Structure formats: structure tokens, C-alpha cells
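Remarks on the structure that follows.
Just so it is clear, none of the values below were taken in a lab; they were calculated from the coordinates. Predicted model, so just to flag it, every value in this text is computed and none were measured. In this analysis, Cβ positions are derived from the backbone assuming ideal geometry, glycine residues included, and neighbour counts consider all displayed protein chains.
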Protein chains: 2
Amino acid sequence: MNSIEKLLEKLKPSWEEQERYGHIASKIVESLQNQCRERGIDADPVLVGSFAKDTNLRGGDLDIFIRFSRSYSTTELEKLGLELGRSVVRNSRARYAEHPYISGTVEGVKIDVVPCYRIDKSSEMVSSVDRTPLHTKYVNSHLSEEQKDDVRRLKLLLKSLDVYGSEIYRNGFSGYVCELLIDMYGSYHEVLRSFSEARGRIVIPAGSPSASRFTSPMVLIDPCDDDRNAAASVSLESLSKLKMAARLMLNGYDEVMLQKTHRVNDLDPGSRQTAFRIFRMPRPDLVPDTVYPQATKFRDVVMSILREGGFLPISSAVDITTNIDVLIECERDVVPRVIQHRGPSVDMPNSIDFLMKWRERNVLRGPYIIGDRLYVDIGRDCTVLEECVMKSIGKYDIGKNLNQYRGEIRILDPLKDREQLSSKVVELFMNERFPTSAKIEGVDHLSTGEDL
Amino acid sequence: MNSIEKLLEKLKPSWEEQERYGHIASKIVESLQNQCRERGIDADPVLVGSFAKDTNLRGGDLDIFIRFSRSYSTTELEKLGLELGRSVVRNSRARYAEHPYISGTVEGVKIDVVPCYRIDKSSEMVSSVDRTPLHTKYVNSHLSEEQKDDVRRLKLLLKSLDVYGSEIYRNGFSGYVCELLIDMYGSYHEVLRSFSEARGRIVIPAGSPSASRFTSPMVLIDPCDDDRNAAASVSLESLSKLKMAARLMLNGYDEVMLQKTHRVNDLDPGSRQTAFRIFRMPRPDLVPDTVYPQATKFRDVVMSILREGGFLPISSAVDITTNIDVLIECERDVVPRVIQHRGPSVDMPNSIDFLMKWRERNVLRGPYIIGDRLYVDIGRDCTVLEECVMKSIGKYDIGKNLNQYRGEIRILDPLKDREQLSSKVVELFMNERFPTSAKIEGVDHLSTGEDL
């Protein structure tokens, strides 16, 4: 039995768990129905999400949407939605995505109650939550029992690759994308075969005319909404990880692939003889889906400043758990003052301009010719890493919530400031490894992050 | 009057000088003729070189060839040639090119007396000196008086660019190449126009079928020998310098171009914050034409070892005056232990091999995926410049006369070993500048280096 089968055996919910969840869900739905009838509210509760589609993993949550008639204003919908939600969930807390919703627990199960509008097709949609019941309906009318287990297999594979989840900061595959992939390719095995053979960009359905509007590495047209790329959150890295994993699985390396990685924490940044820096700023009190893309933008900007400055950045890691922490490893933290500036070939008409321009300046050497090309050795403005970044960062946009902190960046050297060596971002960096299955160990570590 | 005209006025030989040279030449030729007749030697002396072609500059030398009948063996030719040469030249000294010849002075004028075979066409040639009288004949029957001054103009321009001379180590244009260029393009101005408009490789005559056999940046088929590229010694740099200079001259920058450069010796290698090293080995007691190409090969090999090793070499200089000195400037003399090794794209079939190979080794980090590509961080063998070069150099061929010294290379740091700062090679490096006219100041500094 291969490793995914072992995981499935361990992490597919038992009959008892499913029955218990079903019982809780029915009670809530019934209570909501009664209240709506009693209060004359034109709304009906509906169970959605992975439990409703029977594609859930152990220890998941329950998602109940209350579909309101389009006759309600959004203000009314939000007010009534929160009221109804609070009435059925203990320890409830209002949360805010596109619209507010209620989150809490019932008998130890995490429950989200989300108000939305009742629509028949996506063109009537007011906000994206309105479409979610259509997804549940689509999946339930298209997938067989066996295919639903294949969805679970695919989710487990993606979890083991740490690319599962619809949250933007995961850059990964949502539960709904898994369901569509199994639907479109027919089975888990066919999904693997298809990704293992794919080259470059993925477009599903192949040759789809609407695909040209999307620029993401993976395009999967939502059958409930032609205008939507269901796989928009899948980054090039995440897509690459699935392709690579699929190839490994089909070539007999699945045991290797899912075995726990041996060498975690025996890696020593100091032995690399490079320059590490943590660029740290306060973390705004906003959801990860808002903060993470700005943090990666910040990382990209600093990487590009460092590249331009000659510090030869190698790679990076980003953590937003408590602060915004961007770790960047560079080959060096001091660069020579001289930089060899490459000019045009002597065959180019602008070679005269280059020569006359630099001849009149106070250069370090030249202009001179190597091969057929002009060069001049000029001096850099900044030769020290910290100075280079702080001098330039103000000129770049790093996102509307982070821009305010550009002047407050702290630059830490984890090799000097040894307590930083245990930061999460250093751990993330040093443990970067493909494939790794350190993420899946059991129910305790599962954060399902299901697509609603 | 432009700068080349000023130089020509200064450096074209006066009537008096030409008459004095003619008188000396006649005396020598006459004396050689008499001796041949008296001793029954079937040979005739002939005046060749730039004086014979009236394309000489001030203070040049005289070249007299003694053309022997093909009935003499090369041993006889060499013996008789040296005897005859010694009889006409004071302070004579035998020198050895392809054949021995006599070099000395008469009334303060440097004279070379060279024995060769008498031939009518180049196919009968035994050694390349036999062809020289054919060149003299060709030029005298093709160039007008005015064109001969144009040859002088071109020579002066090339001298000012430091790319004049047939010696291989100059990588430059010989006197004969100048004469052929004026012959083929008609005038100095047309040569400039043609080079200023040229892109990439130069082939003269354009579209010549024999050109395909040559790989040099410039091909100029010798009208006296279809099998010969007269411009074989012209390097890409030298060709580029002439193209660039031609463009400057025709765009009104000729004064700028030939003015003396201001900032010589106010350059400080220490201010560059880079790593300089002089790689020094003994200079074999051989002519520059033999030593120089091997020294540049040595330079290329060390540059490539340093590039491969991550030391980021910037540029270099070579001097063979007393030792073989190769100066190389690198961005650093110590590299980090870690090197980011870039693997294939996950789309490539060999991605599995890469992953499995590196997964089992003791790497510093990874394998990991960035974008669609696999990487692994591995450790370098050598992190110190000196060690890196000395460990590898033995594996490379640096020429038959230098290979023996590979184990004896001394690596000097001119910033620590301050007396090395005044080495010629450091001066060459720091003064590298285009255009520069530091070379032409007057007769004293002229080393004509004419093509025989």
C-alpha cells in the first residue's frame, strides 16, 4: 500500500465522525429554518463546504450559509445574518471577509455561519460567497463516491507538499480546485499522470477560449463561472511542486517522497559563510490574505535592491506570524566600490555617446574596450548592505498597509544577534526542502483550510 | 588642420632624411652586389620594407633582403646570409626569426639584413620572408605618391591607438596591412569611412571565397598570396579600436581623440576595494611573438578558473617585459562556502535524477524549488583565491613554453606587497583607456616596428 493510501486510511473521517458532524449540521440547519419561518425572513440555510460534498478530511469544520432573497439590502443581510449566526453557535465571534460572518464551535466542532444572496447562476452574484452554494451543488452532482476519495487523496498529497489551501498566502490549491481536477481528469491517478506530463503553463479545459484573459501559471475555468480562474491562487512554485511530485509518484518514488525528512535543524547558517539579514517591520493587524502578498512584495523589492546593489542575493524566506520578517541570504554584505559598467558594442551608433559621456566624468578607470565592447569602471554609491537598502526602499511601493513602515525597518543579522537564529523565518529558510512531508503527522497538525 | 595632419607634418621623414637613408641603403646594396659577384654567389640584395615603399615614418630602419637562388640549401643560405650581413653592418648581432638574420646599425640607422630565397610567386615560398620582396613590389606598383602619405596617416592613427605593428603580441595592424587598406579603399578617408560603418567581422575583399577558411575578426586576403590572411594578427579589441576611432574622427572628435589623456597615474587601485593579484612566472628567453600568446592563454585560463570559482574577475592586464606578469582584478578573494546550484526545470525529464541525486547527498540546503526550477545549496571545495587557482592550474594547457612553470606561479597582492604597485603590469592596467594618445609624442617615442 503506498504512502497516500496510508495517509487516507488515517485521515479519512470515520463513519462515527461523519454521523456526528451530520447530526450537528442538521440541528443547526433546522434551528435556522425555524427562526426564519417564525420571523418571516425570506432566507434558507444550506450546508456547503467539504463536509457537504463528502470530500472532507478528519477534524474539519462545518460551513453553513444562509441564503437571503435579493430583496434584502446588504446592510439588512449582514445584520440578520450575524443575529441568526449568533443564535446557533456558542463562543461566537464576528469575522470579516467580503462580508461579516459568524465563527464559533458547537460540541467541539468549528462552525462558520455565512450570510449570502440566493442566486441561480454566477452572473447574479453580489459577492463571491454567493457562488459557494453553486460549487457545492456542482460537485455533488458530478462526483462519484470513489472520486470523492480521490479528492481526499489529492488533498493529502497537496498538504504533504504544503501547497494546499485557498488562502492567498499559501499560494496553493483550494479544496474546490481538487474537486474540479478529479472531475475533469476522472481520477487521482489521471490527475497525477496529467501533471507529470505537463510542460509550462496549465490550462483546463485545454484550449479554453476564456483562458487568454488570465495570466497565472495555472488556469482552471470554474464551470459555475466562465469569468473565474478557480486556480488563480496557485503560484508557479506550487504548480511546480505538484508537477514534480506527480512525476515522483508515478516513477516509484512515492515512499521517498512522503517519508519524513531526516535533516531538520542540523543546518547551520554560519557554516555557509554568507550574509544573512532579517528585514523586520511591524505586522499590521489584518488577515494573512491581506498581509502576505504585501510581505512577498516587500521581499521582492529588497531582493531587487540587493541584486542591483551587487550583494548577490541567493534566496529568501518570509514569515508573518508576529512581525513581517523577510530573511534574505546574500553572498556578501559589502561590495567593492568599483563596478564595471558595460557599454554598447563599438558597432552600435550610440558607442560615441557612451565614450564621450564617460570620458568627461571622474571615473575609476577607462573607458576601455574588451572584445568589441566598451566598458568603464565607475564607483558605487553604497557599498554596505544596510545603507543600500535603507537609502532606496522609500522609492518603492511595498503595499498600502506596509508602505508606512518603510522608514522603521530593522535589519538584523542572525549570525551576530544569535537569538534571532531561532526565529521562525530562519527555520523556514533552513528547512526549505522538496519533497518534505514534515507537515502531515496526524489529525493534530491538520489545519484543513477548506474552501468554503 | 586636424590632429593627424599635425602628426604627419611632424613625423613624415624630411627630404634630407630620405636622401641620407637612400645613400646608406645604396652603399650597402652595392657592397653586397660586389661581394656576390666576387665570390660567385647566385644572390642579389634588394631593399624592402617601408623605406623601400616610401611609406616610412621618421627614424625608421632599413631592411635589406638577400635573395638566394633556390639551388642553395637552407644551411648554406643561412651561413652565407649571416656572413654577408656581418660584412656590411657595424655592431652586428645575429637574430633568429624563422631564419637567422643580421641586425645592426650604419651611421646611426638600424639595419636588418635578411637572407631569403628568390621566388616569383608565393607558391614557391620556403619560408614567409621569401614573400616579403613580393609585397614591396606589389605596393610600389599600386600606390600613388598621395596614397603613400595616406598610408603614413593610417599608421599614425593606429600608433596613437597602440594597435600598430605586426608583432603578434601587439595584436595589431602591420605596415603592409595599412598599405593594402589604402590600396583597396583608395584613400585614408575611405578607410575611415568604411571602418566607421562596418558592423561585426571585416572581410576584404568583401565576399571573398577564401575568407571562409579564416576565423579571425578581420580577414584581408593578401593579393600576393590567396592562402594568407594578411590581417591575422588583428585582434577583436584592435579592430574595435580602429572602428571606434574611425567613427570619432568622422564625427568631429578627432582633437578629443588624439589629445593627451589627463589622468594618468592618479588612479589608486586601493580605492577600488577589490582584490588584485599578480600571477607571476619566469619569462622564457624567447621572442615576444612566442611568449605573448602563451601569456594571454595563461591569463585566459586563470580568468576562467576564477570565474568558475566565484571570485568574479573584472578585468586583467598582461606584461612580459621581465617576468610573465598577469594582473587580474576580482571582486573578492574569498567566496562563501555555499553555492546555489541551479538544476533543471521541473518540466524536464531529468528533474527526477537531479532531485534523487542531491537528496541523498550531504548538501547545505534543499533541494528546493523557486519558480519552475530546482535548486540545491552545496559547498564549494575552495573558498580562497590562491588555493583555488593553484589547485586547478595544473589541469590546463597554458602553452608549451609556460606549462613547465605551472607549479612555480607566485601570486602577489600589490595592495599588500606595495613595491609591486609600481610594476609595469599595474601601470598598464590602471592606464587602460580609449582613446589615448600617450604613445605618440615625437620621434623619440617611435618604435616603428615595420612589417618587413
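Miscellaneous remarks
- Once the mean of 1/r is taken over each pair of separate Cα atoms and inverted, the protein assembly as shown shows a Kirkwood hydrodynamic radius of 34.3 Å.
- Placing unit charges on each Cβ (+1 for Lys and Arg, -1 for Asp and Glu) gives chain B a dipole about its Cα centre, and among B:Gly366, B:Ser3, B:Gln35 the Cα reaching farthest toward its positive end belongs to B:Gly366.
- For chain A, A:Cys36, A:Cys116, A:Cys178, A:Cys224, A:Cys330 stand unpaired, since no other cysteine beta carbon lies under 4.7 Å from theirs.
- For chain B, the longest principal axis of the Cα atoms and the long axis of helix B:288-309 meet at an angle of about 10 degrees.
- Where the Cα pairs of region A:78-183 fall when distances are cut into 10 Å bins, in %: 14, 31, 40, 15, 0
- Here the average projected area of the convex hull drawn through the C-alpha atoms of region B:143-259 stands at 6.9 nm².
- Loop-located GluC sites (Glu not before Pro) across region B:40-138 with a Cβ neighbour count of 16 or fewer within 10 Å are B:Glu98, B:Glu107, with loop assigned by DSSP.
- For the segment B:360-372, counting C-beta atoms of other chains within 10 Å of every residue's C-beta and taking the mean gives 6.
- Neighbourhood charge, 11 Å Cβ-Cβ cut-off, centred on A:Asp150 and excluding it, Lys, Arg +1 and Asp, Glu -1: -2
- The magnitude of the dipole of the protein assembly as shown, with charges of +1 and -1 set on the Cβ of Lys/Arg and Asp/Glu and taken from the Cα centre, is near 920 debye.
- Chain A, helix-only ellipticity at 222 nm - DSSP H runs n ≥ 4, -39,500 (n - 2.57), divided by all residues, nearest 500: -11500 deg cm²/dmol
- Cα point-scatterer Debye curve for region A:338-379, base-10 log of I(q)/I(0) at q = 0.20, 0.30, 0.34 Å⁻¹: -0.51, -1.05, -1.24
- For region B:143-259: relative contact order, % (alpha-carbon pairs under 8 angstrom, 6 or more apart): 25 percent
- Cα-based shape type of region A:189-325, given that a ≥ b ≥ c are square roots of the gyration tensor eigenvalues and the cut on a/c is 1.5: oblate
- The residue of chain B whose Cβ sits closest to the rotation axis that maps B onto A, together with that distance in whole Å, is B:Arg332, 4.
- Bridges between two residues of region B:3-128, per DSSP, are antiparallel at a rate of about 70%.
- Here the convex hull built on the C-alpha positions of region A:25-92 has a volume of 94 cubic angstrom per residue.
- Here B:Met348 and A:Ser208 are evaluated by their C-beta separation; at R0 = 25 Å the FRET efficiency comes out at 0.45.
- Modelled FRET efficiency - R0 60 Å, A:Ala97 with B:Arg193, Cβ distances, 0.05 increments: 0.25
- Structural descriptor for chain B: relative contact order 15 percent, calculated from alpha carbon pairs under 8 angstrom and at least 6 residues apart.
- Ellipsoid equivalent to region B:3-128 - semi-axes via the Cα gyration tensor, in Å: 28, 16, 13
- Too-long pairs where the Cα-Cα distance tops 18 Å, listed order kept, from A:Lys12/A:Lys155; A:Lys297/A:Lys395; B:Lys159/B:Lys297; B:Lys53/B:Lys155; A:Lys155/A:Lys241; B:Lys357/B:Lys395: B:Lys159/B:Lys297; B:Lys357/B:Lys395
- 11 Å beta-carbon shell around A:Arg272, net charge (K/R +1, D/E -1): -1
- In this assembly of identical copies, the label point of A:Lys6 (Cα plus 7 Å along Cα-to-Cβ) is separated from its counterparts by 8.7 nm, sorted shortest first.
- Averaging the Cα positions of each part gives two centres, and for region A:70-121 and region B:1-76 these lie 107 Å apart.
- Extension gain (nm, one decimal) between B:Asn251 and B:Arg201, 0.36 nm per residue minus Cα-Cα: 15.8 nm
- Distance between region B:326-365 and region B:199-256 - C-alpha centres, whole angstrom: 42 Å
- Each 20 Å bin from zero holds the following percent of Cα-Cα pairs in chain B: 20, 46, 26, 7, 0.
- Degrees separating the helix A:74-88 axis from the principal Cα axis of chain A, which is the longest one: 60 degrees
- At R0 = 51 Å, FRET efficiency that the Cβ-Cβ distance of B:Glu76 and B:Arg307 yields, to 0.05: 0.45
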